[in-house]
Structure formats: C-alpha cells, structure tokens
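What follows is a single structure, written as structure tokens, with notes after it.
No lab work stands behind these numbers, since they all come straight from the coordinates. As the structure is a prediction and not an experimental result, all values here were calculated from the model. Cβ: placed from backbone, ideal geometry, glycine included. Neighbour counts: every protein chain shown.
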Amino acid sequence: MNFTTRKAIPLVLLLLLGSVFYALFAGYTPDETLNRSASYYASQTVQDTGAQNVVTAIIVTYRGLDTLGEVTVLFLTAAIVGLVLAHSKAPKGRSGSGFLPSGELLTTGTRMLVPVILLFGAYVFLNGHLTPGGGFQGGAIVASAMLLMLLSDSAERFSHRLISRIESSAGLTYVILGLLGMLFAGGFLDNRILPLGSFGSILSAGAIPLIYALIGLKVGAEFSSILTSLEATEDSQ
Amino acid sequence: MTLLTFMAALLAVASLGAAVIALVTRSTVVAVLSAGLVSLFASVMFLLLAAPDVAMTEAAIGSGLTTFLFFFVLGRIRREGTK
C-alpha cells in the first residue's frame with residue numbers, strides 16, 4: 001500500500017505538470033505582429049542607442065537596472081559560497097584540496113587552449129553590441145578558462161585578492177557610469193554619455209561596449225571566485 | 001512539415017533521450033555528460049528559434065560551466081575516496 005502511494009504521487013505530479021504544459025501548448029498562437037514594446041525596440045534601437053544588436057541594447061540600456069540587479073545576485077551568490085566555504089579553508093602553505101596529478105594531455109592542452117579561450121571570451125563581450133553575445137556569455141567563457149587551469153594544475157592558485165579587486169572595481173565603475181548617465185544624459189545607465197559613433201563599428205553605441213566589458217569582467221571574476229573558493233577548501237580529515 | 005518543425009521534433013526527442021539516459025545510467029560520468037547534452041540540445045533549439053544570445057548563455061553556462069563544475073566536484077570526491 002505504502003509502496004503504491006509512493007509510486008503514485010510522482011505520477012500524479014507529472015500528469016498535472018503535463019496538463020499545464022499541454023494547456024499552454026494548445027492555447028498558443030504565434031503573433032502576427034510585434035507587440036508595442038517589441039516594435040518600439042525594433043524600430044527605435046538604432047537611433048536611440050546606435051547598437052547593432054537589439055538584444056544588447058535592451059539588456060544594457062533599456063533594462064540596464066535589471067542587469068545591475070542580475071549582476072548583484074551573482075555577486076551575492078559568490079559571496080555566500082565564499083562565506084560558507086571559508087570554514088573549511090586550507091591554512092596558508094597547504095595545497096588545499098588538489099586532485100590526483102593531472103595527465104600530460106590535460107596539462108599541455110590547457111597551456112595551449114587557455115589563452116585562446118580567454119581571447120574568445122574578451123571578443124564575445126567586446127563585440128556584444130555588434131554580434132550575439134555579451135558580458136554574461138563572455139564572462140562565463142573566461143571563467144571556463146579559469147576552471148580549465150584549476151583542473152590541470154591545482155597547485156596554481158589564483159590570487160583571491162586580484163579576483164576580488166577586478167570584481168569590485170568593475171562593479172563600482174559600472175554604477176558610476178550609470179550615475180554619469182543620470183548627470184549627462186537621459187537617465188541611469190544611459191549609454192549616450194559617450195558619442196554614438198558610426199553604426200556597426202567596434203567603438204560605437206556610446207557606453208555599451210564599456211559597460212559590457214565591465215559586466216564581462218565582473219561575471220568572469222564572480223564565477224572564478226566561486227570556483228577558486230571551491231578549490232581552496234580542505235578535505236575533512 | 002517544415003524543416004524547422006522537423007528539426008525541433010528531432011531535438012526534443014534527442015534531449016528527452018539524453019535526459020532519460022542521465023536518470024537511468026549507473027555511471028555518474030555518463031549521467032553528467034548526458035545532462036550537459038540536454039543543455040547543448042536546448043541551446044541548438046534556441047539557435048533555431050533565432051535567439052543566438054540565449055543560445056550562447058545556455059551553451060556556455062548550462063552545458064559548459066555546469067558540466068565542468070560537476071567533474072570538478074567528482075574529482076574531489078574520488079580523491080577523498082582514495083585516501
């Protein structure tokens with residue numbers, strides 16, 4: 001009896017979830033035209049912000065405050081992970097957790113790949129206003145290069161201080177740029193504090209490349225600090 | 001049936017298959033890899049639906065960083081096991 005109820009509950013839950021999704025699917029009709037805010041973004045983005053990639057213009061300028069909130073959530077996550085793991089932190093001079101020694105293939109491959117991955121991450125966040133991609137994607141790519149370094153050579157720890165310096169200065173500059181937008185342009189995080197430049201070139205769209213580079217650095221530093229604090233914990237004896 | 005619908009159906013079946021493999025397999029490594037594969041299929045789906053920005057995030061975080069993180073922790077657990 002007990003066994004059958006335990007089996008029945010997940011099935012009922014799955015059925016309920018399935019019916020909700022089915023109702024959504026059955027009631028779906030594709031829109032013929034863009035709704036009002038979407039058509040505003042589609043028609044006005046180029047002359048408002050000068051960005052080629054509409055998604056970036058929305059994320060960095062129109063919804064810039066939301067992006068600041070997202071970055072703050074990520075920062076809080078990194079801070080809490082660091083706080084929780086600080087109890088089991090390896091003392092100075094000890095090597096921390098480490099791994100079984102990594103193979104020749106991983107070590108050599110890492111040496112070759114890490115600069116390329118870092119370069120690609122920087123490319124993604126610097127070209128956020130022109131091509132798909134941006135700070136979050138680029139930051140995650142940068143952090144994956146850091147993770148590869150940690151995997152291949154665990155003795156090579158990054159300086160926590162450097163990571164937190166990059167993180168906090170990027171965050172501070174981001175907020176200051178937002179406030180400058182309030183002073184010199186239309187509002188908080190307005191990108192027109194810098195000239196819009198010629199459409200489609202790398203130095204265009206006002207402050208968007210600058211802001212996205214800062215977001216990229218901040219996201220990369222936050223992910224790296226989570227990974228480093230995971231790495232720096234000591235095994236329980 | 002248009003090509004897009006066909007591709008979407010194919011991706012849906014493939015990601016369902018990968019998700020089932022992740023659930024039923026006995027090997028943790030295979031489970032982690034197929035969970036990453038679900039994210040990869042999802043990001044291809046986003047790309048087909050003309051959302052390359054979301055696709056990049058999904059590929060970088062969902063299938064890249066998360067899979068790596070699982071292996072990272074798996075390595076820790078193995079090391080503690082050999083002690």
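Numerical summary
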quantity	calculated
Relative contact order (percent, whole number), chain B, Cα cutoff 8 Å, 6+ residue spacing	25 percent
Net length gained if the chain between A:Asp31 and A:Ser198 were fully extended (0.36 nm per residue, minus Cα distance)	56.8 nm
Using a Förster distance of 35 Å, the FRET efficiency for A:Thr108-B:Arg79 (Cβ separation, nearest 0.05)	0.95
Charge context of A:Lys218, other residues only, Cβ under 14 angstrom, K/R +1, D/E -1	-2
With at most 11 neighbouring Cβ atoms within 10 Å, loop trypsin sites (Lys or Arg not before Pro) (DSSP) excluded, longest segment of chain A	A:95-237
Within a Gaussian network of chain A (alpha carbon springs, distance under 10 Å), most fluctuating of A:Val124, A:Val219, A:Val73	A:Val73
Sorted by Cβ density within 10 Å, fewest first, the residues A:Val142, B:Val30, A:Val54, A:Val71	B:Val30, A:Val54, A:Val71, A:Val142
Candidates A:Leu105, A:Leu16, A:Leu118: whichever shows maximal mean-square fluctuation once chain A is modelled as a Gaussian network with Cα springs under 10 Å	A:Leu16
